[in-house]
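The block underneath contains the structure these notes are about, expressed in structure tokens.
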Amino acid sequence: SGNLDTTFNGSVTLNVSGSATGGGVVTITNGVGTTDVSDIKAEDVNLTLIDSGSTGLNVSSSQILTFAPGAVKQFSLIDAGEMAAGTRLAFSVVRKDQYGNLVTSGLTPVYLYSSSVSANKRFYDSATGGSAITEIDILNGTSSSNFWYYDELATPVVIITASDNSSAPDGAVGIADASASIQVVPGPINKFVLNNPGSMSAGTRLGYTVSREDSFGNEVTSGINLVYLYSSSPSSGHKFYDSASGGSVITFAVINNGAPSAEFWYYEENPGSWTVTASDNSSAPDGILGVGDASQGVTVSAAPIIATKLSISTVASSLVNAPATVTVRAEDDSGNLDTTFNGSVTLNVSGSATGGGVVTITNGVGTATINDAVPETVTLSLTDSGVTGLDVSSEQYLTFTSLPPTGGGNFLVGALPLISGVRFSGRAYPGAKINILAFGTSTAVLTKSAVGSTSGSFTVSFQNAIPTGDRSFGVSVQDPDGRTTQALVYGVNLRNQADLLQISNITFPPTVGFSQATVTKGSQLTVVGYASPGATVSFEVDNHPIILTATAASNGFYQLLYPTGDLSLGSHTLRAKEIDVSGESSTYSVQKVFTVSPLLTPQVDFNHDGKVNVLDWSIFLSRWLSTDPKVRALDDLNGDGRVDIQDFSIFVRTMKPA
């Protein structure tokens, strides 16, 4: 009848399921026994009995004990990665209790922040259209909410922070902030830009720099572009060269993959005012068609330009430990470059900056590389050590700034630990490099450790060599082909304590690259990268899962051929995640941008290894130089029956490794 027998004394074993603790032998005195059962995981725990005390009584009783999530103590951000300028990147912000359990009850406002200095950065409530927002609510009944980030300024490190503070990120106060590191890369090339080096004297060469930019003014560094050069002066009086003196006459300059610009020199014999134009058209300037042309007027005087001063050109700010190029020019009083001047001058730098010293000036221009490990404003000045007799009173300022604050980093549960060292361990890919970056009051690359294990596992430790004080760490992986994952940011607080903070079970998503980032509609996009050996790699295109998967080989390399027939023309995104051999799933990789074009994109992966690189370039050149007409005809990429500069142009335009 359920009445209590207060005369009973004995024992029984209480079994608990799941992650719960506190089960075991329970002593029953006067009919009652108790024990404390606890759990840090939100779950239903089954309570059952075993008659370990041989009471002979019925022990079939069972109960379910439900552990609910606690109060919201932390946010986390999902899907940090890479985005192209002018696009939106999807995020999901999740609320959790102090033990990492998802919290679904109540309404929690989340305030959104970006470290970008862009005037046009925004958060949105949808992937397209929608409204610009500064905060988003996690509603009752759900543990997360989605938002999208938009930016037009290409920036290597942008910290996105989700906080419970409506005025600014506040770290671990209240609900611990969540931060994610993303990179904003330039969009597709939109136009060429020419610098204005000034006027010139007839019969001399004037140095130009042609840059490539996207539609937002960001410098583009991916792919190869041929830049065809034109002048409005009579053709018999001008030439373009590939160097300030000597060198070869050229009709186009090449902006190589990884570079934002190229240099060329303009020679003119005819006095007057002329226009120099840089175009993507090999026959004549074509304005805004394709890549927009760049034009710059130049005045050519019969009288020589004689330098009266040495001037330091204005230089943009830079990050600490990111070297900046400083240019010194020999100019007349009107700022025109004296391309006949050769000499030297000493560049002085203040503070902790390095790289100053004697600068050799050739044909009116000299450069120096300045670096600083400390965030500060450096004064640049000149000393006439070369006894030029020119005015050297020019002065400029170069500001080095630290990496943007993390807004709290990906906080560990509870208060920030007081430690003297840190150990990172987890899984990457065989032959990869683990990059550890420490940043706070200063920034330093602590290590680039190679992964030697065949499984891709790694361990990197630091003790007694890390400065005390507030600091955060970024951990990223570079695969054997040079592709890099996004950094995982961890906020810690180092003090002179004996404890070692261990951040373990770090799992990186696969790296993602394309053999060429622009493909013809209907052709196959070759996706390559690295994952854990034996892992299954799955993909999303434009944030929608696709059926096709790839399997990583024993060295971690994988390849996927994805048909593009169903995709619209224009830019698209692709990202990947892996499920390793033990069934553990990674997060998604950074989003990579590729373009589906209506134009013919010839097959230039001549050796069919999934990459377009120097090996294909070697094959192209060997065919080009062949005396066998049949072999040479293999380089007829446009099918016009001739092998000429047009085929060369097609090859270098298509050779765009990601």
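For the chain, which whole-number percentage of the solvent-accessible area (1.4 Å probe, protein heavy atoms only) is attributable to carbon and sulfur atoms? List each step's numbers first, then the result.
Values: 15390 of 29870 Å².
Taking all protein chains in place, the chain shows 52 percent carbon and sulfur surface.
Tell me, what ³J(HN,Hα) does each residue in segment 282-297 have, in order and in whole Hz, if you take phi through Karplus 6.51 cos²θ - 1.76 cosθ + 1.60 with θ = phi - 60° and put x for Gly and Pro?
After applying 6.51 cos²θ - 1.76 cosθ + 1.60, I find 7, 10, 5, x, 10, x, 8, 5, x, 7, x, 5, 10, 10, 9, x Hz.
Which value, in Å² rounded to 10, gives the accessible area of L525 with a 1.4 Å probe and all protein chains present?
Rounded to the nearest 10, that gives 0 Å².
What is the magnitude of the charge dipole of the chain about its Cα centre, with +1 placed on the Cβ of each Lys and Arg, -1 on the Cβ of each Asp and Glu, and no other charges, expressed in debye to the nearest 20? Each step should come with its number before you reach the end.
Values: 31 positive and 55 negative charges, 139 e Å.
Here the chain has a charge dipole of around 660 debye.
So what's the net charge close to G18: Lys and Arg +1, Asp and Glu -1, counting the other residues with Cβ under 11 Å from its Cβ? List each step's numbers first, then the result.
Details: positive: K41; negative: D39, E43, D44.
Spelling it out: positives minus negatives among the neighbours equals -2.
For a quick check of understanding: with a 1.4 angstrom probe and all protein chains in place, what accessible area in square angstrom does K41 have, to the nearest ten?
Its accessible surface works out to 100 Å², give or take rounding.
Test of understanding: given the chain, find the longest segment containing no GluC sites (Glu not before Pro) that are in a DSSP loop and have at most 14 other Cβ atoms within 10 Å. Present the calculation step by step, with values, prior to reporting the outcome.
Details: sites that count: E269, E584.
In short, 270-583.
Output wanted: per-residue J couplings in Hz (rounded whole) for segment 242-250, from phi through Karplus 6.51 cos²θ - 1.76 cosθ + 1.60, θ = phi - 60°, x for Gly and Pro.
9, 8, 5, 8, x, x, 10, 6, 10
Order Y208, Y241, most accessible first, counting only protein heavy atoms with a 1.4 angstrom probe. Mind dumping the intermediate values first?
Numbers: Y208 5, Y241 30 Å².
The residues order as Y241, Y208, largest area first.
Sort R623, R632, R95 by heavy-atom solvent-accessible area, probe 1.4 angstrom, most to least. Please list the in-between numbers first.
On the way: R623 45, R632 70, R95 0 Å².
In descending accessible area the options line up as R632, R623, R95.
Just one of (1) 15, 40, 31, 10, 4, 1, 0; (2) 17, 55, 27, 1; (3) 14, 36, 35, 13, 1 is P(r) over Cα pairs in 20 Å bins from 0, in percent calculated from these coordinates, so which is it?
(1)
Which of the residue pairs K191/K239; K41/K121; K592/K630; K239/K521; K121/K309 have a Cα-Cα distance greater than 31 Å in the structure shown? The partial results should precede the final answer.
Numbers: K191/K239 23 Å; K41/K121 38 Å; K592/K630 39 Å; K239/K521 40 Å; K121/K309 42 Å.
Distance filter (> 31 Å) returns K41/K121; K592/K630; K239/K521; K121/K309.
Report ³J(HN,Hα) in whole Hz for each residue of segment 103-116, in order, from the Karplus equation J = 6.51 cos²θ - 1.76 cosθ + 1.60 where θ = phi - 60°; Gly and Pro get x.
9, 10, 9, x, 10, 10, x, 10, 9, 10, 9, 10, 7, 4
Note down the net charge around W624, summing +1 for each Lys or Arg and -1 for each Asp or Glu among other residues with Cβ under 9 Å from its Cβ.
Within the 9 Å Cβ shell, the charges total 0.
Could you order L102, L398, L488 by accessible surface area, starting with the largest, using a probe radius of 1.4 Å?
Solvent-accessible surface, decreasing: L102, L488, L398.
With a probe of 1.4 Å, find how much accessible area segment 1-139 has per residue, and write the answer as a whole number in Å².
Working: 7550 Å² over 139 residues.
Solvent-accessible surface per residue comes out at 54 Å².
Over the chain, what relative contact order in percent results from Cα pairs under 8 Å that are six or more residues apart? Each step should come with its number before you reach the end.
On the way: 1795 pairs, mean separation 56.8, N = 658.
Contact order relative to length: 9 percent.
The values are calculated or read from the model by the stated rules, or taken from the named source; none is laboratory data. Worth saying up front: this structure is predicted, and the values here are computed from it rather than measured. Ideal geometry is used to build each Cβ from the backbone, glycine not excepted, and the neighbour counts take in all protein chains shown. Side chains are part of the model used for accessible areas, which takes the heavy atoms of the whole protein and leaves out ligands, DNA and RNA. Shrake-Rupley method; radii C 1.70, N 1.55, O 1.52, S 1.80 Å.
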